[in-house]
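K.L.:
One structure follows; several queries about it will come next.
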């Protein structure tokens, strides 16, 4: 493992670990396996690279839900193959726990070799005039009216800021939501700054003259934007649900909700008992224990949905979507293909003629489900060129493997 470790004489590409395997089939059979993992293979992780640098200041980043994330602004330093100048500080509690201050020398690493994070402060190098960081005072300096909600660690804005409105609009229009071509960051900034749009759905209310007011918009670009908005009105229900930006509701959960409730009306009027079934009280904590009515929609997601639709502003958004003419009803699905209903598929690699999203849509329309990871519950793995560890795991578990032609044959396409 020391020989493989990147700082020593490891391979000429980024790695964060290695799997050591017994390289004899007879010995593998002797070692055996569990239902999930072989006893003849062991995974090791290399200790992540670390570096020291100076934390010059702490800035605040506002997400589309209004959550505020503190960010360390660092002197640039080379770490794990790239230059790092910023790192997440997570929340106010984390800053206080580590006693992170502006001007400190800090030790950083990349979590999972990807996300820069501050590990600790080198207290011995702390400036003599250093002062503890006051999170709420900094929010006030920046004009951010925020507070904590319930037991959440994050501070959230009491009212939407400019940046929050822009992020909401970009999310609303993105490829994974209503897929409005041309409505990206730059256009969203203009729409918010010009006060033409406040809530994302306002984009559907704009007339031709108002679009022409934006920088870079001529006759042809306005034609394209208006055509894109008309197309967006006919998107699937799950896209409209995802576009709302309900906390903890991603693309797959939006699809599950659309499939279960069939309409935005039904989802908007949802009651707790439609999402969670009470089982019992926990003997140790006294807390209620629930079972999900919809697979994948647990307590946290359910609370987010109920909280979202209890807000009058959010109900106004939904009503505005109705008035604008958006499709808010699940289309009648084609009959499930025999042998596909409720089967779980995993996609890996590059298929010859099908994009990942296209293959996913084909499977879901046939009644199947698409997962991101292989397990003993997986029914099929669809593998293309450069299929990776998912294919290996499928082979180890004995999961049926299909190529694109096999998938098309199975689906009757």
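The values are calculated or read from the model by the stated rules, or taken from the named source; none is laboratory data. This is a predicted model, so every value here is computed, not measured. Methodologically, a virtual Cβ is constructed for each residue, glycine included, from the backbone with ideal geometry; neighbour enumeration extends over all protein chains shown.
K.L.:
From the list 157, 142, 229, which one is in contact (Cβ under 8 Å) with a residue 40 or more places away in the chain, within 27 Å of residue 304 (Cβ to Cβ) and either touching a helix residue (DSSP H, G or I) at 6+ places or on another chain (Cβ under 8 Å) or crowded, with 19+ Cβ neighbours inside 10 Å (or both)?
P.N.:
Working: 142 fails: either touching a helix residue (DSSP H, G or I) at 6+ places or on another chain (Cβ under 8 Å) or crowded, with 19+ Cβ neighbours inside 10 Å (or both); 229 fails: within 27 Å of residue 304 (Cβ to Cβ).
After ruling out the rest, the residue left standing is 157.
K.L.:
Oh, and also: Taking the residues in the stretch 188-197 that are surrounded by 14 or more Cβ atoms within 10 Å (Cβ to Cβ) and free of Cβ contacts under 8 Å to residues at least 24 places away in the same chain as candidates, determine which candidate is farthest from residue 211 (Cα to Cα).
P.N.:
The initial filter retains those residues of the stretch 188-197 that are surrounded by 14 or more Cβ atoms within 10 Å (Cβ to Cβ), namely 188-192, 196-197.
Still in the running and free of Cβ contacts under 8 Å to residues at least 24 places away in the same chain: 188-189, 191, 196.
Values: 188: 12, 189: 13, 191: 9, 196: 9 Å.
Per the stated criteria, the residue is 189.
K.L.:
Please go through the stretch 95-117 and give me each residue that is closer than 19 Å to residue 155 by Cα and without any contact (Cβ under 8 Å) to a residue 40 or more places away in the chain, ordered by number.
P.N.:
96, 97, 98, 99
K.L.:
In the stretch 362-377, what residues are over 23 Å from residue 258 (Cβ atoms) and either touching a strand residue (DSSP E or B) at 6+ places or on another chain (Cβ under 7 Å) or assigned by the TED database to the domain that holds residue 19 (or both)? It would help to see each step written out before you state the result.
P.N.:
Residues of the stretch 362-377 that are over 23 Å from residue 258 (Cβ atoms), as a first pass: 374-376.
Listed by number, the list holds a single entry, 374.
K.L.:
For residues in the stretch 258-314 being assigned to a helix (DSSP H, G or I) and in contact with a strand residue (DSSP E or B) (Cβ under 6 Å, 6 or more places away or on another chain), which is nearest to residue 326 (Cα to Cα)?
P.N.:
To start, the set of residues in the stretch 258-314 that are assigned to a helix (DSSP H, G or I) comprises 258-261, 264-268, 272-275, 299-309, 312-314.
Keeping just the survivors that are in contact with a strand residue (DSSP E or B) (Cβ under 6 Å, 6 or more places away or on another chain) gives 299, 302.
Details: 299: 29, 302: 24 Å.
Checking each candidate, the answer is 302.
K.L.:
So, in the stretch 11-42, of the ones that are at pLDDT 85 or above and assigned to a loop (DSSP other than H, G, I, E, B), which residue ends up surrounded by the fewest Cβ atoms within 10 Å (Cβ to Cβ)?
P.N.:
23
K.L.:
Run down 63, 150 and say which single residue is within 27 Å of residue 164 (Cα to Cα) and touching a helix residue (DSSP H, G or I) at 6+ places or on another chain (Cβ under 7 Å).
P.N.:
Numbers: 150 fails: touching a helix residue (DSSP H, G or I) at 6+ places or on another chain (Cβ under 7 Å).
Answer to the check: 63.
Table: residues versus (1) farther than 28 Å from residue 399 by Cα; (2) more than 22 Å from the chain's Cα centre (by Cα); (3) modelled with pLDDT under 95.
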residue: 247; (1), (2), (3): yes, no, yes
residue: 259; (1), (2), (3): no, no, yes
residue: 292; (1), (2), (3): no, no, yes
residue: 304; (1), (2), (3): yes, no, yes
residue: 319; (1), (2), (3): yes, yes, no
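K.L.:
Restricting attention to the stretch 162-176, which residues are part of a helix (DSSP H, G or I) and out of contact with any strand residue (DSSP E or B) (no Cβ under 8 Å at 6 or more places or on another chain)? Walk me through it before giving the result.
P.N.:
Taking the stretch 162-176 first, the residues part of a helix (DSSP H, G or I) are 162-173.
Those that are part of a helix (DSSP H, G or I) and out of contact with any strand residue (DSSP E or B) (no Cβ under 8 Å at 6 or more places or on another chain): 162, 165, 166, 168, 169, 170, 171, 172, 173.
K.L.:
Checking the conditions here, which among 109, 131, 117 is over 22 Å from residue 164 (Cβ atoms) and at pLDDT 95 or above? Quick ask: steps written out before the conclusion?
P.N.:
Numbers: 109 fails: at pLDDT 95 or above; 117 fails: at pLDDT 95 or above.
Going through 109, 131, 117 in turn, the sole match is 131.
K.L.:
Please pick out the residue among 353, 375 that is assigned to a loop (DSSP other than H, G, I, E, B), surrounded by 13 or more Cβ atoms within 10 Å (Cβ to Cβ) and touching a residue at least 12 places away in the same chain (Cβ under 8 Å). If you could, list the steps in order and put the result at the bottom.
P.N.:
On the way: 353 fails: surrounded by 13 or more Cβ atoms within 10 Å (Cβ to Cβ).
Step by step, each of 353, 375 is checked, and only 375 is assigned to a loop (DSSP other than H, G, I, E, B), surrounded by 13 or more Cβ atoms within 10 Å (Cβ to Cβ) and touching a residue at least 12 places away in the same chain (Cβ under 8 Å).
K.L.:
Being under 13 Å from residue 346 (Cβ atoms), in a helix (DSSP H, G or I) and in contact with a strand residue (DSSP E or B) (Cβ under 8 Å, 6 or more places away or on another chain) is the filter here; which residues of the stretch 378-413 pass it? Please lay out each step first, then the result.
P.N.:
Within the stretch 378-413, the subset under 13 Å from residue 346 (Cβ atoms) is 378-384, 387-395, 397, 399-402, 407.
Filter once more, keeping what is in a helix (DSSP H, G or I): 389-395, 397, 407.
Hits for the stretch 378-413 are 390, 391, 394, 395, 407.
K.L.:
Hey, among the residues in the stretch 203-221 that are assigned to a helix (DSSP H, G or I) and crowded, with 17+ Cβ neighbours inside 10 Å, which one's nearest to the chain's Cα centre (by Cα)?
P.N.:
Of all residues in the stretch 203-221, those assigned to a helix (DSSP H, G or I) come to 203-205, 208-212, 219-221.
Now restrict to residues that are crowded, with 17+ Cβ neighbours inside 10 Å: 203-204, 211.
Details: 203: 24, 204: 26, 211: 31 Å.
My answer is 203.
K.L.:
Within the stretch 69-76, identify whether any single residue is crowded, with 20+ Cβ neighbours inside 10 Å, modelled with pLDDT of 95 or more and outside any strand (DSSP E or B), and answer yes or no.
P.N.:
Of the stretch 69-76, the ones crowded, with 20+ Cβ neighbours inside 10 Å are 70, 72, 74.
Filter once more, so that each one left must be modelled with pLDDT of 95 or more: 70, 72, 74.
This time we only want the ones that are outside any strand (DSSP E or B), so: none.
Checked against the condition, which is being crowded, with 20+ Cβ neighbours inside 10 Å, modelled with pLDDT of 95 or more and outside any strand (DSSP E or B), the stretch 69-76 yields no hits at all.
K.L.:
Check residue 92 against each of (1) more than 27 Å from the chain's Cα centre (by Cα); (2) at pLDDT 85 or above; (3) surrounded by 13 or more Cβ atoms within 10 Å (Cβ to Cβ) and name the one condition it does not meet.
P.N.:
Here residue 92 clears every test but (1).
K.L.:
Would you mind finding the one in 226, 252 that is assigned to a helix (DSSP H, G or I), touching a strand residue (DSSP E or B) at 6+ places or on another chain (Cβ under 9 Å) and farther than 16 Å from residue 200 by Cβ? Steps first, please.
P.N.:
Working: 226 fails: touching a strand residue (DSSP E or B) at 6+ places or on another chain (Cβ under 9 Å).
Criteria check complete, one pass: 252.
K.L.:
Would you check if residue 251 is over 30 Å from residue 310 (Cβ atoms) and surrounded by fewer than 21 Cβ atoms within 10 Å (Cβ to Cβ)?
P.N.:
Working: over 30 Å from residue 310 (Cβ atoms): no; surrounded by fewer than 21 Cβ atoms within 10 Å (Cβ to Cβ): yes.
Taking the combined requirement at face value, the residue does not satisfy it.
K.L.:
OK, next. Is it the case that the stretch 172-187 has a residue that's over 21 Å from the mean Cα position of the chain (by Cα), buried (at least 18 other Cβ atoms within 10 Å of the Cβ) and more than 15 Å from residue 62 (Cα to Cα)?
P.N.:
Within the stretch 172-187 (the criterion being over 21 Å from the mean Cα position of the chain (by Cα), buried (at least 18 other Cβ atoms within 10 Å of the Cβ) and more than 15 Å from residue 62 (Cα to Cα)), the answer is yes, since at least one residue qualifies.
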